[in-house]
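First up is the structure itself, then whatever we jot down about it.
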């Protein structure tokens, strides 16, 4: 009977991990094509099809640096005792993703997953099993690691998107001050296809690794991955993230594409360059970031550079509140989930 329970638990963790990937697509992947569609550079079908291909390529060829960072948040067991912890973490993240998606808020799936992991590990083993990262930062060689590295990445990434978007938009306005916008817009829309592909690749590379890292931990615990991560995991995660984009991210697309600033072709291209470059660099550094954060930051920066009075700062406030609340809310939901599951699963 114990084997049957463990098998069911193992399958439940895998299914929920894939479910989280789907909700990730609802949230973050929808931000990838928001400005691309809203400025008229592509139809929704064209944009999503392009993004789906490069999301999958990003998942396949992104490496594992971000996955290592996510799994280093806590001291996870390397046997099957890890299953209820990861199950509870994913439950907390999925519940929060669904709640915020229902209200059309571009909350962060990354924040939700981090909060879920912290809450589940804390409930299972106590705060001492969370790698907060302060000791590693204060002692030589003074490196960012664990929870602190994740939090710093999440805080810096939207600021990087804002600064890049603001600066690039200012430069673009100077360089293109004599351009005829009717002619320029047609050319800019063509370049957006390339930049949308870059942003989708970056998102697929960064966000897929978060789920891949957890699935990898589960497969190692079950002794099912002795020779490295199976290719089917990366393919499945990439496809599900693309499916999430197709199945329900339209509310968040409207929020990012029109709710913050009235995006036109130049704004869209600049925000794509700023966000895509930021996400790709973060992935190379092993820094987990929220693509939604970076895109919203870049769109806000672009709008602020041209006409700050036309930026919907109220929308930004609502989004900021959702972001700040996400980690503790997902942590609380994950803790409750673990405390509920633990007696049922028999510890």
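Every number here is computed from the coordinates shown, using simple stated rules; none is lab data. All values reported here derive from a predicted model rather than from experimental measurement. Cβ placement follows ideal geometry from the backbone for every residue including glycine, while neighbour counts extend to all protein chains displayed.
Given the C-alpha atoms of the stretch 95-231, compute the convex hull and give its volume per residue in Å³.
So the per-residue hull volume is 202 Å³.
How would you rank 229, 154, 173, 26, going from fewest to most other Cβ atoms within 10 Å of each one's own Cβ?
173, 229, 154, 26
For the stretch 2-345, just say rounded, prolate or oblate: build the C-alpha gyration tensor, square-root its eigenvalues into a ≥ b ≥ c, call rounded for a/c under 1.5, and beyond that prolate if a/b exceeds b/c, oblate if not.
Prolate shape, in that a/c is at least 1.5 and a/b is the bigger ratio.
Using a 10 Å cut-off around each Cβ, can you sort 220, 237, 294, 152 from fewest to most neighbouring Cβ atoms?
Starting with the residue having the fewest Cβ neighbours, the order is 152, 220, 237, 294.
Could you work out the Kirkwood radius for the stretch 170-230, taking every pair of different alpha carbons, averaging 1/r and inverting it, reported in Å?
15.3 Å
Rank these for me by crowding, 189, 149, going from fewest to most other beta carbons within 10 Å.
Fewest-to-most ranking of 189, 149: 189, 149.
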